[in-house]
Each structure stands twice: as structure tokens, then as C-alpha cells.
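In what follows, a structure is listed as C-alpha cells, so that the remarks can point back to it.
The values are calculated or read from the model by the stated rules, or taken from the named source; none is laboratory data. Computed from a predicted model, the values in this text were never measured in an experiment. With ideal geometry, Cβ positions are generated from the backbone for all residues, glycine too; neighbour counts draw on all protein chains shown.
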């Protein structure tokens, strides 16, 4: 019995394992025969597909190949959900869809999603909730992980509008003067100066 003669469910498992370890090998399999091309859209394949090498940081406008992202996100591929959130919130601008995607990926433990979702909430004036995600990232992953998130997301920051940048700048000035309306919200999660410094690092890429 040759490989194409195996049942679809077995072939889908095999292709899922391939895609989980290498996007390039997945693409090669998909192009090798019509059977794999058909199975490439199976939920168990798309859910596990490793997209980290296909869409490398620092992320900016994702090309038309982004269709694969939305297909993977539909089947709970966490990295795809994050990238869809990034595109929608910062570039395509259906912001409510974007922030919901970022939240889903952040709640699944995706580092960059936790970072961008936290910073987005802070700019949306949901200060305490946004600060929780930033502090959680610091606590669970540490300095190097947070710094890598900032590096990976640098192009996103550079694409922010002047209005978004001014929002962060205003928060920084309010923390500096001890505005209780702002500082008091950060104190709900503790260590407002950690958040203050994180905002400074974030907008320093502008």
C-alpha cells in the first residue's frame, strides 16, 4: 500500500505532524499531489500548522497570503489568531475584531499577543486590565521575553497613528505628575512604575 492509498484521516494526521514542524514541508506536501492539497484544509491540519517561519517578525502588513492565517485562526491556531488580531487592529482597522483576536491569543498564553493586547487596552483607557496582561507577561516570562516581544512588534509600533502615540504620551505625563485618576487604576495591579517604563519603551520605537 502506497502513501496515497491510506485513509484520509490517517493522511490528515501525517500532514498535521508535518505542518506542525515545518511550514515549508507542509507546502511541499500540498503541492506534491491532489490528495494532500485537499487534506491541507482539514481542521486538524490547520490547527497545528506552524506559521512562525512563514510570517516572521518584525510583523507589518501581511501579504495576500494572509488568507491562510484566517483559515488557521478559524480552527483555533493560536499564532494565526494573534496575527489576524495584529492585522485587524493595527492595519486593516476593524479594531473590535482585532482586539478580540488579540485577547483570544493572549488568554491562550501567546507572548506577543499578551504584550500587544495589554498595550492596546492601556491606550483604550482600560488601564488596570491592560496592566494585568503586561505584568503577567513580566512575571511568567521575564525580561528577555518582554524585550523580544517589543523587538518583534517594532514595525507595528512604527505604524501607529499620531493619535495613538499621543494617547500613550499623555498617560506617561499623567503618571509623572501623579494623577490619581490614572495612577490609581494602575495600583489595582501594583507597580505602576513598571507599566510607566513599559509604555516609554513601547513608544520609543516611534
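In the range 138-156, the residue that is surrounded by the most Cβ atoms within 10 Å (Cβ to Cβ) out of those that are farther than 21 Å from residue 175 by Cα and in contact with a helix residue (DSSP H, G or I) (Cβ under 7 Å, 6 or more places away or on another chain) is 149.
For the range 6-21, a residue qualifies if it is in contact with a helix residue (DSSP H, G or I) (Cβ under 9 Å, 6 or more places away or on another chain) and part of a loop (DSSP other than H, G, I, E, B), and exactly one does: 6.
Residue by residue, here is whether (1) farther than 27 Å from residue 158 by Cα; (2) surrounded by 18 or more Cβ atoms within 10 Å (Cβ to Cβ); (3) touching a residue at least 40 places away in the same chain (Cβ under 8 Å) holds:
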{"residue": "31", "(1), (2), (3)": "yes, no, no"}
{"residue": "74", "(1), (2), (3)": "yes, no, no"}
{"residue": "80", "(1), (2), (3)": "no, yes, no"}
{"residue": "95", "(1), (2), (3)": "no, no, no"}
{"residue": "116", "(1), (2), (3)": "no, yes, yes"}
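For the range 170-181, filtering for residues that are closer than 13 Å to residue 125 by Cα and surrounded by 14 or more Cβ atoms within 10 Å (Cβ to Cβ) leaves 3. Quick check: is even one residue across the range 182-189 over 23 Å from residue 95 (Cα atoms), out of contact with any helix residue (DSSP H, G or I) (no Cβ under 7 Å at 6 or more places or on another chain) and either surrounded by fewer than 19 Cβ atoms within 10 Å (Cβ to Cβ) or at pLDDT 85 or above (or both)? Yes, there is a match, as at least one residue in the range 182-189 is over 23 Å from residue 95 (Cα atoms), out of contact with any helix residue (DSSP H, G or I) (no Cβ under 7 Å at 6 or more places or on another chain) and either surrounded by fewer than 19 Cβ atoms within 10 Å (Cβ to Cβ) or at pLDDT 85 or above (or both).
Of all residues assigned to the range 174-189, at least one qualifies as being within 18 Å of residue 103 (Cβ to Cβ), outside any helix (DSSP H, G or I) and over 17 Å from the mean Cα position of the chain (by Cα).
Could you tell me whether residue 68 is surrounded by 15 or more Cβ atoms within 10 Å (Cβ to Cβ), farther than 24 Å from residue 160 by Cβ, touching a residue at least 12 places away in the same chain (Cβ under 8 Å) and within 16 Å of the chain's Cα centre (by Cα)? For residue 68, the condition - surrounded by 15 or more Cβ atoms within 10 Å (Cβ to Cβ), farther than 24 Å from residue 160 by Cβ, touching a residue at least 12 places away in the same chain (Cβ under 8 Å) and within 16 Å of the chain's Cα centre (by Cα) - is met. Using the structure shown, decide if residue 129 is closer than 15 Å to residue 196 by Cα, part of a helix (DSSP H, G or I) and without any contact (Cβ under 8 Å) to a residue 24 or more places away in the chain. Against the criterion (closer than 15 Å to residue 196 by Cα, part of a helix (DSSP H, G or I) and without any contact (Cβ under 8 Å) to a residue 24 or more places away in the chain), residue 129 qualifies.
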